[in-house]
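All remarks here apply to the structure that follows.
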Amino acid sequence: MDPQVLTRLDADTATAVHDLLATAAAHDGADSFSEQFLLTLRAGEERAGVHHVVVPGADRAVAGYAQLDGEYAELAVHPAERRRGVGSALVTALEGLTADPHVWAHGDLDAAKGLAERHGYRRDRVLWQMRRTAGEPLPEVSLPDGVTLRSFVPGCDDDEFLRVNNAAFDWHPEQGGWTGAELAARQAEDWFDADGFLLATAPDGTLLGYHWTKVHPATGDEPAMGEVYVLGVDPAAHGRGLGRVLTLAGLHHLHDRGLDTVLLYVEADNGPAVRVYQRLGFVVHAANVNYAR
């Protein structure tokens with residue numbers, strides 16, 4: 001089994017990879033790839049530090065696929081090609097590209113656990129998906145003195161958002177270090193809605209924090225639902241209760257749009273954030289695991 005390592009995918013291979021991901025998601029009940037990796041796949045262009053690993057199949061164009069961005073990777077194997085060494089071939093190829101791969105497994109599935117154990121990987125990070133369904137009424141939003149809540153204005157608020165986001169997530173491998181390109185890629189997505197991108201500002205207009213919401217359309221058995229897409233507070237504005245205020249503001253916005261279910265992702269070891277969400281009625285629904293050696 002000889003994986004192909006590429007810096008970009010041709011159109012036919014990219015289509016085959018998308019088909020593989022859709023088939024795997026339907027089989028596993030969990031998406032194989034996260035948004036950032038899908039955006040890179042859809043872009044169809046070379047990016048510094050990004051490699052695509054493709055294992056061709058005997059009966060299909062792509063039996064397995066992995067994408068490496070720096071040290072972080074995600075992979076998927078076609079359900080009909082499992083237990084044939086495809087996953088191991090992908091992991092071995094990733095190890096040839098970086099000394100310390102960190103591989104995401106979405107859904108915390110037994111197959112991923114087994115593959116990780118065989119290659120000597122341990123659970124390094126756990127990302128919980130938490131959900132809240134309509135039940136107890138939401139508390140009202142009470143803004144701190146001098147704080148104004150408004151919607152994001154594309155082209156005007158970009159720099160301030162990036163400043164606060166990168167300060168709030170300077171520790172985070174995926175969310176920190178954003179440039180205008182990361183923001184622009186998401187603004188170009190069909191789901192982007194500036195009205196649901198809420199900003200908390202000081203009297204002088206300085207951005208203090210934000211709550212970027214997202215709406216997922218209904219799919220299969222899943223109803224349409226909202227998402228706490230990203231929520232961040234400038235470290236200089238900590239201690240004013242803005243995290244809770246912004247969370248509530250976004251939840252009210254989504255509820256007003258008729259969305260009874262809201263999801264979010266949070267690091268399982270981020271105790272303060274988890275407690276805020278639990279007090280608002282969120283419960284753990286699923287887990288994504290990052291494996292490292």
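Give the distance, in whole Å, between the Cα centre of segment 37-92 and the Cα centre of segment 220-293.
30
As I understand it, the dipole of the chain uses +1 on the Cβ of Lys and Arg and -1 on the Cβ of Asp and Glu, about the Cα centre. Which of 133, 218, 232 lies farthest toward its positive end?
Ranked along the dipole, the leading option is 133.
Which value, in debye to the nearest 20, describes the size of the charge dipole of segment 131-287 about its Cα centre when Lys and Arg Cβ atoms bear +1, Asp and Glu Cβ atoms bear -1, and nothing else is charged?
460
What order do you get for 193, 157, 110 when you list them from fewest to most C-beta neighbours inside 10 Å?
Exposure proxy ranking, most exposed first: 110, 193, 157.
So how much slack lies between residue 61 and residue 82, counting 0.36 nm per residue of separation and subtracting their Cα-Cα distance, in nm?
6.1 nm
Mind checking which of 7, 103, 43 is farthest towards the positive end of the chain's charge dipole, using Cβ charges of +1 (Lys, Arg) and -1 (Asp, Glu) about the Cα centre?
Of the options given, the answer is 103.
Whole-Hz Karplus ³J(HN,Hα) for segment 186-201, in order, using 6.51 cos²θ - 1.76 cosθ + 1.60 and θ = phi - 60°, x for Gly and Pro?
6, 5, 7, 6, 4, 7, 4, 9, 4, 5, x, 10, 8, 10, 9, 10
For segment 109-253, state the average projected area of the convex hull of the C-alpha atoms over all orientations, rounded to one decimal in nm².
Its average projected convex-hull area is 11.5 nm².
When averaged across all projection directions, what area in nm² does the alpha-carbon convex hull of segment 178-240 cover?
Answer in nm², one decimal: 5.9.
Please list, short to long, the whole-number percent of alpha-carbon pairs of segment 4-120 in consecutive 10 angstrom bins beginning at zero.
Once binned at 10 Å, the Cα pair distances of segment 4-120 give 14, 53, 32, 2.
Determine the calculated [θ] at 222 nm for the chain from helices alone, applying -39500 (n - 2.57) to every DSSP H run no shorter than 4 residues and normalising by the residue count; nearest 500 deg cm²/dmol.
-9500 deg cm²/dmol
Rg and Dmax of segment 152-215, using alpha carbons, in Å: what are they?
In order Rg, Dmax, the Cα atoms of segment 152-215 give 11.5, 33 Å.
Using label points projected 7 Å from each Cα along Cα→Cβ, tell me how many nm separate residue 202 and residue 287, to one decimal.
4.0
Using θ = phi - 60° and the Karplus form 6.51 cos²θ - 1.76 cosθ + 1.60, what ³J(HN,Hα) does each residue of segment 18-26 get, whole Hz, x for Gly and Pro?
Taking θ as phi minus 60°, the curve returns 4, 5, 4, 5, 5, 5, 5, 5, 5 Hz for segment 18-26.
Which of rounded, prolate, oblate describes segment 215-293, given a ≥ b ≥ c as roots of the alpha-carbon gyration tensor eigenvalues and a/c under 1.5 marking rounded, otherwise prolate only if a/b is larger than b/c?
Oblate shape, in that a/c is at least 1.5 and b/c is the bigger or equal ratio.
Which value, in debye to the nearest 20, gives the size of the charge dipole of segment 4-120 about its Cα centre, when Lys and Arg are +1 and Asp and Glu are -1 at the Cβ?
300
Quick check: pseudo-label points 7 Å beyond the Cα along Cα→Cβ at residue 257 and residue 117, how many nm apart are they?
4.1
PRE reach from residue 244 (point 7 Å along Cα→Cβ): which of segment 260-275 fall under 18 Å by backbone N?
Counting backbone N atoms under 18 Å from the label point, the list is 271-275.
Largest first and in whole Å, give the semi-axes of the chain's equivalent ellipsoid, each being the square root of 5 times a Cα gyration tensor eigenvalue.
36, 20, 18
Bear in mind these aren't lab numbers, they're just calculated from the coordinates by the rules spelled out. Small disclaimer: the values here were computed from a predicted structure and weren't measured. Reconstructed Cβ throughout: ideal geometry from the backbone, glycine too, with neighbour counts over all protein chains shown.
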